[in-house]
Amino acid sequence: MATLQNIRNKSGLLLAVIGVAMLAFILGDFLKSTNSGGANNVKVGEIFGNDILIQTFQKKVDVGIENWKNQNQQSDLTQTIIAQIRDQVWNQYVRELVMDKEFEALGIDVSDDEWIDQISGPNVHPQVRDIPLFKDPKTGVFDGSRAIQYLQGVDQDETGEARTRWLGFQESLIGLIKNSKYNSIVSNSMYTTSEEAKIQTKFNTKDITFNYVKIPFTTIDDSEFEPTDNELDKYYSDHKAEYEQEASKDVDFVVFSVVPSLEDDLKTKEEITELATDFESYDNYELMVRRNSDNSTSQFVFTTLDDLQESKFKELFNAKKGTVTEPYLVNSGTYRIAKLVEVEFRPDSVEARHILIKPSETMSLDSVNKKIDAIKLDVESGTDFALLAKQNSEDQGSAIKGGDLGWFSEGEMVVDFNEACFSSKKGDLSVVETQFGVHLIEVTKTSALVKKVKIAYIDREVEPSTETFNSYEYQAVQFLDNIINEGIDFDTLIAKNNLVKRTDKKVTTNKQNIAGLPNSREMVRWMHTAEVNSVSEVFQFDNSYVVATITKEYSKGPSELDDIKEQIMSLVIKEKKALKISKDIKGSDLASIATTYKTDVVTEKKVRFSDSSIEGIGYEPELIGGIFAYKQAITSLPIVGRNAVYVVQITNINEEDLNDQDLSLQRNSMNKQAASYANNASFNALKEAANVKDNRVEFY
């Protein structure tokens, strides 16, 4: 990286500003490239004729996955998400390689002075300014000395994680700065003239009122305009560029979906029946549920009889505490046993207020608890709760109301918060920790006590056994064997076995899954190298076994005429209809034309040039363009639209005088639009020139 090399070469300023420790950090061995590989490395792509090694790319993907895990600790990392991360990393890496070459060619760099200014000076970069560690804890304002202090202490981290994190951030930040400079160059090359602003303003403000007659193409039967082969060939030749396509393939496949057998159902019922005895005698129902239930999201709260949703729950309401139901189907494929675990008289609803303090990078959970305890002592000593809430609570919605949450029923709040409120008396103070932070809660009012019960339950899903999976796999293997060894045609075999053939059209190499088959990337990879009429091995995707065959291959470039013949035929028929209708229209009187075609004259329609559609007509850009080509009181020639031929008569043109108007806002808006377009277009042009080759399908 040229910028970092400049910092290496011109380190005097750094020595003076941030000292030896910071210099050692920036100039350390960690700056040496870790992306070099041996001659035997396999390439996952190519750019500017240079190989992109799979080892290099995978390291970046691994970093992306780790970042995702850190940011989504409560979520599952699925194959779909991994594929999305891989795509994001690829696109970002290609962008970096393309732009780095352009930066070097243009001499775009970051000087020593600029770098210091961006990380600790008065013009600090927003991404540095927003780092919580670099802010004054009292004022929340960025403090450059805290940034320098952090960087000087990075080497004290023996694990090296702090250094690695900063290196990644530093590289990203320098890239952002360079991109900003490049975008500024491109943006400043865009210019909107006053005349262009005036024309665009006319498009936006000028409106035309018109009458029209519409002759739909459907008024003539298609059979009268059957196109010849020559007409189809000519249309295809004239419009070939409109039918560009990526390389792709069609695939037919049959799915053997594994479903639980009757034996699987009986076994599941027997297992949960055995659990019922232990569930009844075991006091720690929560532990029992966690260990044995397939439902990991269930929560058990006190509920009144009217709020119980299941009939089995209602039966338990007046039962003896500890009673457990017989196993029952809560839905197709799920058995449940339920237990009455608690019976209490509790408020139907409560009114409460709270103060919330959240842990942060500058305040540990320990410190938060100490702060909450101190606030609690203040309340107990007579300080007004509402005042303390306004001064301290991080729940801004309730803080402005003195922490007041109003009245709420049981189950509306998260479990621990709910329990603290509904097990407390009026005036009680409770400290509770939830996923939102630490709360100091005061119950201010309670309603009348009513009988409530808490019902816990264990769910067991009926899952296919190993024997069931083996049975379906055998069916798939037999299907494949009949094709390969018996020579039976794929479609014939499907019909013979009363199976359902599925199809996915024009599958490209970058498609993640076959339609209707989750996690089927492996099948897409097989299609990449398979030839037409090839039959796959037996794939397993989740609870399905799949056998597939390639039915058609499409080359990159214009679509073949035979592949789009039906589409082109309808377009040629429409052209011929439009020509016939246009030739047959006589005169310029709309009423006469309407009478001839047994339709009506529609009056007083209004449109602007900037409109994409016309009320009552729909999307007809050719019609809108045609209308604005005529003057007032003029009847148009036939205008061919998307769905009909139109004849219009302009009745009024409403146009503002723009000579004395200030068009600066319009010019600024157009400049921004042009700059945005130019920035995207310039990168796309550079990327195309880089001749990027993507071979990821061979690895993922």
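The values are calculated or read from the model by the stated rules, or taken from the named source; none is laboratory data. What you see is a predicted model; the values in this text were computed from it and never measured. In this analysis, Cβ positions are derived from the backbone assuming ideal geometry, glycine residues included, and neighbour counts consider all displayed protein chains.
Restrict the check to the range 568-583 and report whether at least one residue is exposed (fewer than 14 other Cβ atoms within 10 Å of the Cβ), closer than 30 Å to Thr651 by Cα and either of a type outside the set (Ser, Thr, Tyr) or touching a Cys at 6+ places or on another chain (Cβ under 8 Å) (or both).
Yes.
This table checks each residue for (1) surrounded by 13 or more Cβ atoms within 10 Å (Cβ to Cβ); (2) hydroxyl-bearing (Ser, Thr, Tyr).
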{"residue": "Val44", "(1), (2)": "yes, no"}
{"residue": "Phe48", "(1), (2)": "no, no"}
{"residue": "Leu53", "(1), (2)": "yes, no"}
{"residue": "Thr56", "(1), (2)": "yes, yes"}
{"residue": "Lys59", "(1), (2)": "yes, no"}
{"residue": "Gln73", "(1), (2)": "no, no"}
{"residue": "Ile81", "(1), (2)": "yes, no"}
{"residue": "Arg86", "(1), (2)": "yes, no"}
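Quick one: how many residues across the range 476-525 are small (Gly, Ala, Ser) and either touching a residue at least 60 places away in the same chain (Cβ under 8 Å) or closer than 26 Å to Tyr554 by Cβ (or both)?
Qualifying residue count for the region: 4.
Examine the range 656-675 for a residue that is surrounded by 17 or more Cβ atoms within 10 Å (Cβ to Cβ) and either without any contact (Cβ under 8 Å) to a residue 40 or more places away in the chain or of a type in the set (Phe, Trp, Tyr) (or both), and state whether such a residue exists.
No.
Of the residues Glu537, Glu473, which is under 25 Å from Ala247 (Cα atoms), over 32 Å from the mean Cα position of the chain (by Cα), in contact (Cβ under 8 Å) with a residue 24 or more places away in the chain and surrounded by fewer than 16 Cβ atoms within 10 Å (Cβ to Cβ)?
Result of the check over Glu537, Glu473: Glu537.
Here is a list of conditions, (1) surrounded by 12 or more Cβ atoms within 10 Å (Cβ to Cβ); (2) over 20 Å from Ile177 (Cα atoms), and Gln92 meets all of them except one; can you say which number that is?
Result: Gln92 fails condition (2) only.
Please return the ranges of helices (runs of 4 or more DSSP H) entirely within the range 105-164 where 3 or more residues are small (Gly, Ala, Ser) and modelled with pLDDT of 85 or more.
Qualifying helices (runs of 4 or more DSSP H): 144-152.
Condition first: hydroxyl-bearing (Ser, Thr, Tyr) and in contact with a helix residue (DSSP H, G or I) (Cβ under 9 Å, 6 or more places away or on another chain). Now tell me which residues in the range 291-333 satisfy that.
Scanning the range 291-333 gives Ser296, Ser298, Thr303, Thr323, Thr325, Tyr328.
Can Lys181 be described as touching a residue at least 24 places away in the same chain (Cβ under 8 Å), of a type in the set (Lys, Arg) and closer than 30 Å to Ile108 by Cα?
Taking the combined requirement at face value, the residue satisfies it.
Does Thr503 count as within 38 Å of the chain's Cα centre (by Cα) and not in a strand (DSSP E or B)?
No, not satisfied.
Here is a list of conditions, (1) closer than 30 Å to Thr529 by Cα; (2) in the same structural domain as Glu604 (by TED's automatic domain parsing), and Val640 meets all of them except one; can you say which number that is?
So the condition that Val640 fails would be (1).
In the set Leu15, Leu77, which member is farther than 21 Å from Gly175 by Cα, at pLDDT 90 or above, outside any strand (DSSP E or B) and assigned by TED's automatic domain parsing to the domain that holds Gly168? Talk me through it step by step, then tell me what you get.
Numbers: Leu15 fails: at pLDDT 90 or above.
When all the criteria are applied, what remains is Leu77.
Quick test for you: out of Phe417, Phe385, pick the one residue that is over 23 Å from Ser364 (Cα atoms) and surrounded by 15 or more Cβ atoms within 10 Å (Cβ to Cβ).
Every option except Phe385 fails the conditions.
Tell me the residue from Ile494, Ile455, Ile488 that is β-branched (Val, Ile, Thr) and assigned to a loop (DSSP other than H, G, I, E, B), please.
Just a single option satisfies the conditions, and that option is Ile488.
Against the definition (at positive phi, loosely packed, with under 15 Cβ neighbours inside 10 Å and either under 39 Å from the mean Cα position of the chain (by Cα) or acidic (Asp, Glu) (or both)), how does Gly516 come out, yes or no?
Numbers: at positive phi: yes; loosely packed, with under 15 Cβ neighbours inside 10 Å: yes; either under 39 Å from the mean Cα position of the chain (by Cα) or acidic (Asp, Glu) (or both): yes.
Taking the combined requirement at face value, the residue satisfies it.
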